[in-house]
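The values are calculated or read from the model by the stated rules, or taken from the named source; none is laboratory data. Remember, it's a predicted structure, so these values are computed and weren't measured experimentally. A quick note on method: Cβ atoms are made from the backbone with ideal geometry, for glycine too, and the neighbour counts reach across all protein chains shown.
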2 protein chains.
Amino acid sequence: MSSIKNGRRPTARDVARVAGVSQPAVSRAFTEGASIAVETRDKVLRAAKELGYRPNLIARSLTTSRSRLVGVAMSYLENPFYPAMLERIAAILADAGYKVLLFTSPPGAPCEPLLEDVLRNRVDALILASASITSRFAEECSRAGVPVVLVNRRTPGHRTSTVTGMNEDGAVVIAERIARAGHRRPAFMAGLENASTSQERERGFLRGLVAAGLPEPLRVVGHFDFERARSAMRALLALPKPPDAVFCANDYMALAALQTLHEESALRPGRDISIIGFDDIPAAAWPSFALSTFSQPYALMAERVVARVLDQLRHPGRPAVEDVVPGSFLQRRSSRPVRA
Amino acid sequence: MSSIKNGRRPTARDVARVAGVSQPAVSRAFTEGASIAVETRDKVLRAAKELGYRPNLIARSLTTSRSRLVGVAMSYLENPFYPAMLERIAAILADAGYKVLLFTSPPGAPCEPLLEDVLRNRVDALILASASITSRFAEECSRAGVPVVLVNRRTPGHRTSTVTGMNEDGAVVIAERIARAGHRRPAFMAGLENASTSQERERGFLRGLVAAGLPEPLRVVGHFDFERARSAMRALLALPKPPDAVFCANDYMALAALQTLHEESALRPGRDISIIGFDDIPAAAWPSFALSTFSQPYALMAERVVARVLDQLRHPGRPAVEDVVPGSFLQRRSSRPVRA
DNA sequence: ATGAAAGCGCTAACAG
DNA sequence: CTGTTAGCGCTTTCAT
């Protein structure tokens, strides 16, 4: 029936032949807003359907030099914050006609190995979540004309747009709350030492504690990892004088801390000790945890980061923007309320 | 310095000119195992580095008609089982030189709208997780020569390879456990009515109950959704004669059930009532939950699905395979142990 | 081992 | 509105 030999997939030329039009006419029939007569288009579409033709987007990318692909680099997918944001990002990009090319790097790995891969694949833009960026990386991308936007990470001194939560200010609020709840021995559980989120939250926490006249916090490192956060919490509990309030650099670690507490200590969270996180992941609101936290609205952050990407795509050369998405403290049962 | 006008990205021709070789020579220099003299290659690589050249994989895809892209369609990313598997799949595919093009569909949406997108993007293969597949979909992909592998879903009667856990047999084991623990009023919480996982687990559960001489279970539907699972659990608890053992079609819903129980009932899980899930997501092992469950090893499933994809890519036309990955029952505290 | 030539499937520019 | 002509940047014969 169809005049296509063996297993080849039909091309625009095949369709053109069947429809009795030129090959570019087929192209126009499949291009939104191209100038083509309705009847011609119908003829083409009919022939296309008959042959099972679908435009080859790879070929289109080559000619237009736009792939409609956005690279998304993400790790720590076991922290529910990230898949939640990823799903939103993918959905919003899809609405804008872009697809997500996923790059997952092993946790804590440098972003450099991505560079080559990303640039060779000719993504139109790059979203870096839970990853830092080196100046060489930023430089090369900018030279290649690939906009880069960081989410939930910041790299000081580089002209890269970012979308973050209120890391520092949120942590200040948390310190205040801890002080006003009457705590005397604060502790901080860091994530990864070189992660800007962890650093900023720690900085804000210190500032807030000092302002409230509290001592410098005890300090452990949980590496944003569940098991290592449990160990870190255990270490705190084993201290001669354990803390009475622990601020964890994210919710995921705070949940680990809470459970270690339940399991291995008689201290009652929200009474004898306060556990506070950062992010407001869905599980934080689960009744078993009722984790007090400072929210980072992932859906909003997803919207903002995509908006930023599209903006940079439309207006190349626009200066980088640091977008701080507002959040708020959520008092739940894992921390002592402030005194009246 | 370099002879490239304005902001264009350097091409193989630019490199060829600088290196004083032909353009195909540049191609060979970047192709593993191509026949090229070492010194020529060095000249090329030097020139390439100087210009900041990177091969354009889109152009390569067009000529080779292989994109080295694998589509991964996934939804329900809020169920930790899926991101965990996604991360593994992406990592293993990356090792094999493939990238992941992500397709996220709204939960419960039909897979049909994906078809067009997937086929136009010329992915080399497609992995469908948490999605069913229609015969037209399978048919079109096979016609286009795009291998499709389903993970954690099965579609009866279609010649599509699948990788699943032991849904039916696992559920039989669960029924036996419930019987041997002395329970008398079992209940089943379904996921989505049209999901094969939910159906198979229900079928196995029924079979196991019958074999053990227990009555048909009460039945509610949680739609694989946290909040709807809570409502479903509430409905069960509000019954004049509530169940004494609830098997939930997956862990995520079982966690919801457990928490609703804690919050809104005096029944103690593991004593007055048993709650059992399916998957063994990381949170199931968390001390707060200690959820009894039947495991689906997501890392192994990821390996198998990628292996299947690569196999079909290497040997097109090989018959479809149904791969059932073994799991086992994990007795934890949320369910009553069998009596001695 | 290397270069010349052709072509992958499409869009863009230009006549008509 | 439509066809003709040229590429996009690469890989692939095929000579040499």
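Just one of (1) away from DNA strand C (no atom under 15 Å from the Cβ); (2) touching a residue at least 60 places away in the same chain (Cβ under 8 Å) fails for A:Ser61. It is (1). Run down B:Ala307, B:Ala284, B:Ala290 and say which single residue is of a type outside the set (Val, Ile, Thr) and in contact with a Lys or Arg (Cβ under 7 Å, 6 or more places away or on another chain). B:Ala290 is the lone residue from the list that is of a type outside the set (Val, Ile, Thr) and in contact with a Lys or Arg (Cβ under 7 Å, 6 or more places away or on another chain). Considering only segment B:258-296, state which residues are surrounded by fewer than 17 Cβ atoms within 10 Å (Cβ to Cβ), touching a residue at least 12 places away in the same chain (Cβ under 8 Å) and within 30 Å of A:Tyr76 (Cβ to Cβ). Once the filter is applied, which keeps residues that are surrounded by fewer than 17 Cβ atoms within 10 Å (Cβ to Cβ), touching a residue at least 12 places away in the same chain (Cβ under 8 Å) and within 30 Å of A:Tyr76 (Cβ to Cβ), segment B:258-296 yields B:Pro282, B:Ala285. Candidates in segment A:21-38 are the residues that are more than 7 Å from DNA strand D (Cβ to nearest atom) and more than 37 Å from the chain's Cα centre (by Cα); of these, the one that is farthest from the other protein chains (Cβ to nearest Cβ) is A:Val38. Residues of segment B:64-72 include at least one that is within 17 Å of A:Arg122 (Cα to Cα) and touching a residue at least 60 places away in the same chain (Cβ under 8 Å).
Within segment B:113-138, the residues that satisfy the criterion of being under 20 Å from B:Leu77 (Cβ atoms) and either buried (at least 17 other Cβ atoms within 10 Å of the Cβ) or aliphatic (A, V, I, L, M) (or both) are B:Leu114, B:Asp117, B:Val118, B:Val123, B:Leu126, B:Ile127, B:Leu128, B:Ala129, B:Ser130, B:Ala131, B:Ser132, B:Ile133.
Being among the aliphatic types (A, V, I, L, M), farther than 19 Å from B:Val70 by Cβ and more than 17 Å from the chain's Cα centre (by Cα): is that true of B:Ala144 here?
Working: among the aliphatic types (A, V, I, L, M): yes; farther than 19 Å from B:Val70 by Cβ: no; more than 17 Å from the chain's Cα centre (by Cα): yes.
So B:Ala144 fails the test.
Output the number of the condition that B:Ile178 fails; it satisfies all remaining conditions of (1) in a loop (DSSP other than H, G, I, E, B); (2) surrounded by 24 or more Cβ atoms within 10 Å (Cβ to Cβ); (3) more than 12 Å from the chain's Cα centre (by Cα). Tallying (1) in a loop (DSSP other than H, G, I, E, B); (2) surrounded by 24 or more Cβ atoms within 10 Å (Cβ to Cβ); (3) more than 12 Å from the chain's Cα centre (by Cα), B:Ile178 fails exactly one: (1).
Would you call B:Phe224 out of contact with any Leu (no Cβ under 8 Å at 6 or more places or on another chain), among the aromatic types (Phe, Trp, Tyr), touching a residue at least 12 places away in the same chain (Cβ under 8 Å) and in the same structural domain as B:Leu267 (by TED's automatic domain parsing)? When the stated conditions are applied, B:Phe224 does not pass them.
Tell me, which residue of segment A:80-100 that is among the small types (Gly, Ala, Ser) and away from DNA strand C (no atom under 16 Å from the Cβ) is surrounded by the most Cβ atoms within 10 Å (Cβ to Cβ)?
Of the residues in segment A:80-100, the ones among the small types (Gly, Ala, Ser) are A:84, A:90-91, A:94, A:96-97.
Adding the requirement that they be away from DNA strand C (no atom under 16 Å from the Cβ) leaves A:84, A:90-91, A:94, A:96.
On the way: A:Ala84: 20, A:Ala90: 24, A:Ala91: 16, A:Ala94: 16, A:Ala96: 13.
Selected residue: A:Ala90.
When restricted to residues that are of a type in the set (A, V, I, L, M, F, W, C), crowded, with 17+ Cβ neighbours inside 10 Å and not in a helix (DSSP H, G or I), segment A:201-255 contains 10.
Results for (1) in contact with a strand residue (DSSP E or B) (Cβ under 6 Å, 6 or more places away or on another chain); (2) of a type outside the set (A, V, I, L, M); (3) within 20 Å of A:Ser67 (Cβ to Cβ), shown as yes or no for each residue.
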residue	(1), (2), (3)
B:Gln23	no, yes, no
B:Arg28	no, yes, no
B:Ser61	no, yes, yes
B:Ser67	no, yes, yes
B:Gly71	yes, yes, yes
B:Ala96	no, no, no
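Taking into account only those residues within segment A:140-175 that are of a type in the set (A, V, I, L, M) and under 15 Å from A:Ile127 (Cβ atoms), which is surrounded by the fewest Cβ atoms within 10 Å (Cβ to Cβ)?
Initially, segment A:140-175 is screened for residues of a type in the set (A, V, I, L, M), giving A:144, A:146, A:148-151, A:163, A:166, A:171-175.
From what is left, the residues that are under 15 Å from A:Ile127 (Cβ atoms) are A:146, A:148-151, A:163.
On the way: A:Val146: 21, A:Val148: 25, A:Val149: 25, A:Leu150: 28, A:Val151: 29, A:Val163: 27.
Per the criteria, the residue is A:Val146.
Residue under question is B:Asp42, and the condition is that it be at pLDDT 95 or above, within 16 Å of DNA strand D (Cβ to nearest atom) and not in a loop (DSSP other than H, G, I, E, B); does it hold? Even if it seems obvious, please write down each step before you answer.
Numbers: at pLDDT 95 or above: yes; within 16 Å of DNA strand D (Cβ to nearest atom): no; not in a loop (DSSP other than H, G, I, E, B): yes.
Judged against the criteria, B:Asp42 is not a match.
Applying the criterion of being among the polar types (S, T, N, Q) and surrounded by fewer than 20 Cβ atoms within 10 Å (Cβ to Cβ) to the residues of segment A:57-79, the residue that is nearest to DNA strand D (Cβ to nearest atom) is A:Thr63. Within segment A:1-18, being among the hydrophobic types (A, V, I, L, M, F, W, C) and either more than 9 Å from DNA strand D (Cβ to nearest atom) or surrounded by fewer than 17 Cβ atoms within 10 Å (Cβ to Cβ) (or both) holds for A:Met1, A:Ile4, A:Ala12, A:Val15, A:Val18.
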